[in-house]
Structures are given as C-alpha cells and as structure tokens.
C-alpha cells in the first residue's frame, strides 16, 4: 500500500521510462544496469521530489523481473548518497505483480553503507 502522506506525487515507471528488462548491477556488466538507472533516472527524480516536496512513487510493474544486484545497486546506491530515513520519507513503491519487492527494496535502503 502506498502512503502518500498527502504530498503531491510524481512517478517513475521503470518499464516505460527505463527498460522492460532491467539488467545487472553496473554499467560494465551490461545494458540497463542498476547503476545506469540510479544515475540517469532515480537520483535526479529523487532530488526533484525532495526539493519540490513531492512523493516519488516508483512503479515496479511491467518488467520481466529484477536481479537483486540491480535493485541493490539502484536503491542501495541511493542510500549511499542520502540518508535512509530521507529516502523512505520521500519515496514509495508500487508493485501489483510482485508486492514483496517493496520490502526487499526497503531492506537494501536500510542496509546500505555510505562509502
């Protein structure tokens, strides 16, 4: 369930805005990597949402699935830049196809280590 906390919303639809076939962890491992998603879409949209006080909804549906390395690289990578609390206050996740992904992603965010 998405808790919008009465904030205006913006959306990232991974399947239509990035790829229906998300790839590996890093750019050097293949196309449509978690690193590419983080750098080109997730981080800029997160910053925009944070700066404009909007809730960023990440729609995970419509893909062929996700490698755990993709999810950790993208969402854990964001948590190595920003505080976990700030990310979880700004972002929400939507997945009707694989609802367990929300908890998995939140775990990557909480466990990420800043480097």
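Only the coordinates and a few stated rules stand behind these numbers; no lab work does. These numbers come from a predicted model, not from an experiment. Quick reminder, even Gly has a Cβ in these numbers, built from the backbone with ideal geometry, and neighbours come from all protein chains shown.
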When 43, 53 are arranged by how many other beta-carbons sit within 10 Å of their Cβ, fewest first, they go 53, 43
Among (i) 20, 16, 13; (ii) 26, 18, 15; (iii) 47, 16, 9, the entry matching semi-axes √(5λ) of the Cα gyration tensor in Å as calculated here is (i)
Residues 68, 90 in order from fewest to most other beta-carbon atoms within 10 Å are 68, 90
Dividing the helical contributions, -39500 (n - 2.57) per DSSP H run of n ≥ 4, by the residues of the chain yields a 222 nm value, nearest 500 deg cm²/dmol, of -8000 deg cm²/dmol
Contour minus Cα-Cα span, residue 113 to residue 31, at 0.36 nm per residue, comes to 27.0 nm
Classified through the alpha carbon gyration tensor (a ≥ b ≥ c as square roots of its eigenvalues; rounded if a/c is under 1.5, else prolate when a/b is larger than b/c, else oblate), segment 48-115 comes out oblate
